[in-house]
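Colleague: Below you'll find the structure I mean.
The values are calculated or read from the model by the stated rules, or taken from the named source; none is laboratory data. Please read all numbers here as calculations on a predicted model, not as lab measurements. FYI the Cβ positions are ideal-geometry reconstructions off the backbone, even for glycines, and counts take in every protein chain you see.
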Amino acid sequence: MDKDKERELATASPVRVGISIGDINGIGPEVLIKALSDSQILVDCTPVIYASTKTISYHKKAIKLPDFMYQACKDADEIHNKKVNVINVWNEEIPFELGKATEVGGKFALMSLEAATKDLAAGKIDVLVTAPISKEAMKKTGFKFPGHTEYLAEMAGMDEALMMMVSDTLRVALVTTHIPINEVSGSLSIDKIYNKILAVEKSLKNDFGITRPKIAVLGLNPHAGENGKMGTEDLELILPAINKAKEENNVIAVGPFPADGFFGSSSMFQYDAVLAMYHDQGLIPFKAISFDEGVNFTAGLPVVRTSPDHGTAFDIVGQGIASAQSMRNAIYLAMDVFRQQKLRKEITANPLKIQAPEKKKAGSLD
């Protein structure tokens with residue numbers, strides 16, 4: 001099979017994009033409706049929203065988009081290709097309290113997420129895009145996870161997944177995610193950092209099609225510890241992890257870099273990904289550079305999941321001013337990664353076996 005045929009197979013049918021609604025009192029429904037109002041997105045995508053038609057109707061009226069069209073479905077078996085589908089996960093009337101973190105908001109966000117992940121596991125949708133949730137509201141429902149990343153990792157039977165922020169110019173992955181800053185140092189180890197480096201390389205190859213990726217690894221302390229004068233983690237944990245990845249796996253990993261100098265120069269654009277040690281070290285510069293455009297991608301899962309890089313933005317709910325660009329990019333990235341993974345499986349499905357050369361016969365001129 002030639003490569004053109006393989007690519008045709010990988011992109012032939014529209015991708016079934018399951019979308020959890022997020023907090024119904026946040027901007028998730030607004031940015032989702034705006035993103036899906038562009039009919040061009042339906043050329044390659046079959047969106048499946050897990051919520052209720054009443055919820056979508058309420059929000060499209062709130063932001064004055066009466067022409068937004070969708071199909072109501074009882075379940076994923078009824079979805080229509082290349083149309084916006086809304087699965088009625090619930091049917092009851094909801095007391096909306098826009099801009100507030102309520103138990104009701106958390107309850108329906110969780111119902112939507114659970115229904116979407118169930119269909120994802122069953123193969124009824126191809127990828128999952130999650131609209132923003134309120135951690136405060138989710139906690140009121142008994143949700144025990146810091147965020148989507150940790151929830152999906154447990155659903156997949158994994159200890160943890162890799163959180164990666166993605167834009168057109170920058171990819172930033174994290175060693176630690178949603179933990180207090182005073183716990184970061186104690187949670188780091190050579191093996192943890194080493195495994196994250198390997199996870200980043202694997203994702204860049206499998207999910208983004210980069211054959212020989214280059215990874216920049218940030219230090220933990222100011223000036224990357226300045227040879228132990230400002231902390232020893234950089235010398236004792238991060239550098240050995242980088243060297244181990246190079247020596248044992250031939251990974252192109254460079255660092256540790258001082259984070260301020262690295263993001264303050266053009267160096268960040270010379271690498272295929274950056275590995276940061278903790279949440280704000282990576283996400284503050286990423287969002288300063290790519291806010292409203294970036295995507296949160298959970299790498300390392302057996303399924304594809306993306307999300308906008310912003311939160312519920314309770315302060316601007318219902319005003320119709322929220323940008324849909326990050327949600328739109330999240331949908332397209334999910335489709336791109338899904339197709340890249342599918343293409344890679346096609347290409348590597350039946351590798352040619354290397355045969356030993358035949359021995360030459362005596363007197364042969366060959």
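Colleague: Kindly list, by first and then second residue, each pair from a residue in region 124-136 that is touching a residue at least 60 places away in the same chain (Cβ under 8 Å) to a residue that is among the charged types (D, E, K, R) and crowded, with 24+ Cβ neighbours inside 10 Å, limited to pairs with Cβ atoms under 9 Å and residues at least 6 apart or on different chains.
Modeller: Filtered contacts from region 124-136: 127/305; 128/305; 129/305; 130/305; 131/23; 132/23; 133/23; 134/23.
Colleague: Here is a follow-up. For residue 199, state whether it is in the same structural domain as residue 106 (by TED's automatic domain parsing) and touching a Gly at 6+ places or on another chain (Cβ under 6 Å).
Modeller: On the way: in the same structural domain as residue 106 (by TED's automatic domain parsing): no; touching a Gly at 6+ places or on another chain (Cβ under 6 Å): yes.
No, not satisfied.
Colleague: All but one of (1) within 20 Å of residue 25 (Cβ to Cβ); (2) buried (at least 17 other Cβ atoms within 10 Å of the Cβ) hold for residue 70; state the number of the condition that does not hold.
Modeller: (1) is the only condition that residue 70 fails.
Colleague: Before we move on, is residue 272 surrounded by fewer than 23 Cβ atoms within 10 Å (Cβ to Cβ) and assigned by TED's automatic domain parsing to the domain that holds residue 29?
Modeller: no
Colleague: On to the next question. If you check 89, 84, 104, which single one turns out to be closer than 19 Å to residue 306 by Cβ and either over 17 Å from the mean Cα position of the chain (by Cα) or not assigned by TED's automatic domain parsing to the domain that holds residue 57 (or both)?
Modeller: Numbers: 89 fails: closer than 19 Å to residue 306 by Cβ; 104 fails: closer than 19 Å to residue 306 by Cβ.
Going through 89, 84, 104 in turn, the sole match is 84.
Colleague: I'm told residue 330 meets every condition in (1) within 30 Å of residue 259 (Cβ to Cβ); (2) part of a helix (DSSP H, G or I); (3) at pLDDT below 95 except one. Can you identify the failing condition by its number?
Modeller: (3)
Colleague: Would you tally the residues in region 279-302 being in contact with an Asp or Glu (Cβ under 9 Å, 6 or more places away or on another chain) and in a loop (DSSP other than H, G, I, E, B)?
Modeller: 5
Colleague: In the set 152, 198, 204, 237, which member is crowded, with 16+ Cβ neighbours inside 10 Å, more than 22 Å from the chain's Cα centre (by Cα) and either without any contact (Cβ under 8 Å) to a residue 60 or more places away in the chain or outside any loop (DSSP other than H, G, I, E, B) (or both)? I'd like the intermediate steps shown before the answer.
Modeller: Working: 152 fails: more than 22 Å from the chain's Cα centre (by Cα); 198 fails: more than 22 Å from the chain's Cα centre (by Cα); 204 fails: more than 22 Å from the chain's Cα centre (by Cα).
Residue meeting the stated conditions: 237.
Colleague: Within region 302-325, which residues are in contact with a Ser or Thr (Cβ under 9 Å, 6 or more places away or on another chain) and closer than 28 Å to residue 159 by Cα?
Modeller: Passing the criteria: 303, 304, 305, 306, 307, 308, 309, 310, 311, 312.
Colleague: Against the condition surrounded by 24 or more Cβ atoms within 10 Å (Cβ to Cβ), over 19 Å from residue 338 (Cα atoms) and not charged (D, E, K, R), how does residue 158 come out, does it pass?
Modeller: Working: surrounded by 24 or more Cβ atoms within 10 Å (Cβ to Cβ): no; over 19 Å from residue 338 (Cα atoms): yes; not charged (D, E, K, R): yes.
Against the criterion (surrounded by 24 or more Cβ atoms within 10 Å (Cβ to Cβ), over 19 Å from residue 338 (Cα atoms) and not charged (D, E, K, R)), residue 158 does not qualify.
Colleague: If we keep just the residues of region 118-149 that are among the aliphatic types (A, V, I, L, M) and assigned to a strand (DSSP E or B), which is surrounded by the most Cβ atoms within 10 Å (Cβ to Cβ)?
Modeller: Within region 118-149, the match that is surrounded by the most Cβ atoms within 10 Å (Cβ to Cβ) is 129.
Colleague: Report, by residue number, each residue of region 165-179 that is part of a strand (DSSP E or B) and within 13 Å of residue 272 (Cβ to Cβ).
Modeller: Result: 166, 171, 172, 173.
Colleague: Then there is this: Considering only region 77-109, state which residues are out of contact with any strand residue (DSSP E or B) (no Cβ under 9 Å at 6 or more places or on another chain) and part of a helix (DSSP H, G or I).
Modeller: Within region 77-109, 77, 103, 104, 105, 106, 107 qualify.
Colleague: With the condition kept exactly as written, say whether any residue in region 161-177 is free of Cβ contacts under 8 Å to residues at least 24 places away in the same chain and out of contact with any Leu (no Cβ under 8 Å at 6 or more places or on another chain). Working first, answer last.
Modeller: If we filter region 161-177 for residues that are free of Cβ contacts under 8 Å to residues at least 24 places away in the same chain, which is where we start, we get none.
Looking for residues that are free of Cβ contacts under 8 Å to residues at least 24 places away in the same chain and out of contact with any Leu (no Cβ under 8 Å at 6 or more places or on another chain), one finds none in region 161-177, hence no.
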